[in-house]
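The values are calculated or read from the model by the stated rules, or taken from the named source; none is laboratory data. As the structure is a computational prediction, the values presented were derived from the model and not from experiment. FYI the Cβ positions are ideal-geometry reconstructions off the backbone, even for glycines, and counts take in every protein chain you see.
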Amino acid sequence: MSGTGSGWQFGMSGVDLFFIISGFIMCHITAEREASARVFLWARVKRIIPLYWTLSLIALVVFLVSPKMVNSSGGVTTIINSFTLIPDGKKFLIQNGWTLSYEFLFYLLFAAVLWLPRSLRFGSVVIALCGLVAIGAIWQPANATLKFATGPLLLEFVMGIGAYVYIRQPRHYLTIDAGLVLAGVAILTESFWAFNVQNRVLFYGLPYAMIFAGFVSLEPIIRRGRNSWATRALETIGEASYSIYLFHPFALSVLGIVVKKLHIQNIPPFSVAVMVSGSLVAGYACYIFVERNISRILMNLSGRRLITSADLT
C-alpha cells in the first residue's frame with residue numbers, strides 16, 4: 001500500500017502467506033497422485049508463466065515509454081531476468097515477480113525428490129530447504145543470486161509442509177484448531193502497524209502458518225455455510241487469486257493516484273479500503289478477460305481441460 005502515504009507495511013506480509021499455501025499445495029497434489037519430475041515442472045510452468053509473461057510484456061511496454069512508471073520506488077530494473085525469473089539483485093518489471101523466483105526454486109527442489117518413496121519426500125524437501133537457509137546464515141554470500149537462494153523465506157515453504165502434515169492428521173480437536181487460529185491472529189496483531197519487521201518469517205510466517213493450519217482443519221464446520229454469500233465471495237476470490245496477486249501492482253499504481261485525487265491518502269481506513277477493493281475488482285477483471293482466455297488457448301493446444309486458479313499452484 002505504498003501509494004497511501006500511511007506507512008502501513010502489513011500488506012507486504014501477503015507474500016509470506018503465499019509461500020505457506022504453496023508449500024501446502026505441493027504436498028497435497030503430489031500426495032494424491034504420482035507424477036514424474038518433468039510432468040510436475042511442466043504443469044507448474046503452464047500454470048505460472050503464461051499470465052506472468054503476458055503482464056510482464058505489458059509492463060515492458062510501459063517501461064519503454066515511461067520508465068518511472070515501473071518500479072517507481074527506485075532501483076535498477078532488469079528486463080531479461082524479469083522473464084527468466086533469475087534473481088540478480090535488480091528489480092523485475094512486475095514488482096512481485098521475485099516471489100515467483102522463490103516458487104520455482106521450491107518447485108525444483110520438490111521435483112528432485114519425486115523419485116523417492118512418498119514417505120521420504122516431504123522430509124527430504126524440508127532438509128533441503130533448511131540446509132539452504134543454514135548455508136546462507138553461515139556463509140552469508142555476497143552474490144545476489146546465492147543470497148536469494150539461501151534466504152530465510154524458504155522456511156515458509158517448510159511451514160506450509162508442516163501445515164499439511166498437521167491438517168492431514170486423522171483426528172482433530174476443535175479447541176486446538178480454533179486455538180491455533182486465535183493465537184496466530186494475536187501474534188499478527190502485534191506486528192500489524194509495525195514499520196520495520198526485522199524477522200518476517202517469525203512475525204508473519206509463523207502466525208500465518210498457525211492461522212492457515214487451524215482454519216483449514218476447521219473446514220468441516222466452515223463447509224456448513226457453503227451456500228452463504230460470504231463463502232461464495234471467498235470462492236470467487238480464490239478462483240481469481242493468481243490474477244489478483246500478479247495484477248495488483250498495476251492496480252495500485254492507478255489507485256494510488258485516485259487516492260491522492262480524493263485527498264484521502266492520510267486517512268488509512270479510507271485509502272486502504274479503496275485500494276484493496278479496487279485491486280480485487282481489477283484482479284478479477286484480469287482473471288475474466290486475460291487469465292481465462294490464456295487458459296482456453298492452452299487447453300485448445302493441449303486438448304485438455306481449462307486451467308484455472310482452482311488448479312492450485
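Looking at ILE135, ILE94, ILE49, which is the one that is among the β-branched types (Val, Ile, Thr) and either surrounded by 17 or more Cβ atoms within 10 Å (Cβ to Cβ) or in contact with a helix residue (DSSP H, G or I) (Cβ under 8 Å, 6 or more places away or on another chain) (or both)?
ILE94
Please work out if SER309 is under 18 Å from the mean Cα position of the chain (by Cα) and either modelled with pLDDT under 95 or farther than 26 Å from SER66 by Cβ (or both).
Yes.
Answer with yes or no whether PRO67 is surrounded by 14 or more Cβ atoms within 10 Å (Cβ to Cβ) and either closer than 16 Å to PHE122 by Cβ or not hydrophobic (A, V, I, L, M, F, W, C) (or both).
no
Filter segment 95-116 down to residues that are more than 28 Å from VAL62 (Cβ to Cβ) and small (Gly, Ala, Ser), then give me how many there are.
Adding up the residues that qualify gives 2.
How many residues are closer than 27 Å to ASN293 by Cβ, touching a residue at least 24 places away in the same chain (Cβ under 8 Å) and in a loop (DSSP other than H, G, I, E, B) if we restrict to segment 33-70?
Summing the residues that are closer than 27 Å to ASN293 by Cβ, touching a residue at least 24 places away in the same chain (Cβ under 8 Å) and in a loop (DSSP other than H, G, I, E, B) in segment 33-70 gives 1.
Among the candidates GLY75, GLY3, single out the residue that is assigned to a helix (DSSP H, G or I), among the small types (Gly, Ala, Ser) and either modelled with pLDDT under 90 or under 30 Å from VAL258 (Cα atoms) (or both).
The unique qualifying residue is GLY3.
Could you tell me which numbered condition ILE264 fails, if it satisfies all but one of (1) among the hydrophobic types (A, V, I, L, M, F, W, C); (2) at pLDDT below 90; (3) not in a loop (DSSP other than H, G, I, E, B)?
Condition (3) is where ILE264 drops out.
If PHE83 meets every condition in (1) modelled with pLDDT under 95; (2) more than 23 Å from ALA128 (Cβ to Cβ); (3) over 17 Å from the mean Cα position of the chain (by Cα); (4) part of a helix (DSSP H, G or I) apart from one, which number is that one?
(1)
Return the pairs, sorted by first residue and then second, in which the second residue is of a type in the set (S, T, N, Q) and surrounded by 14 or more Cβ atoms within 10 Å (Cβ to Cβ), the first residue lies in segment 130-149 and is closer than 18 Å to LYS91 by Cβ, the beta carbons are less than 7 Å apart, and the residues are 6+ apart or on different chains.
These pairs meet every condition: PHE148/SER101.
Condition check: in contact with a strand residue (DSSP E or B) (Cβ under 6 Å, 6 or more places away or on another chain), of a type outside the set (A, V, I, L, M) and free of Cβ contacts under 8 Å to residues at least 24 places away in the same chain. Does LYS91 satisfy that?
So LYS91 passes the test.
Please state which one of LEU146, LEU120 is part of a helix (DSSP H, G or I), within 27 Å of SER82 (Cα to Cα) and not charged (D, E, K, R).
One residue alone meets the criteria, LEU146.
For every residue, the table says whether it meets (1) crowded, with 18+ Cβ neighbours inside 10 Å; (2) without any contact (Cβ under 8 Å) to a residue 60 or more places away in the chain; (3) charged (D, E, K, R); (4) in contact with a Ser or Thr (Cβ under 7 Å, 6 or more places away or on another chain).
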| site | (1), (2), (3), (4) |
| --- | --- |
| GLU103 | yes, no, yes, yes |
| LEU108 | no, no, no, no |
| TYR164 | yes, no, no, no |
| ARG171 | no, yes, yes, no |
| VAL181 | yes, yes, no, no |
| GLY184 | yes, yes, no, no |
| SER217 | yes, yes, no, no |
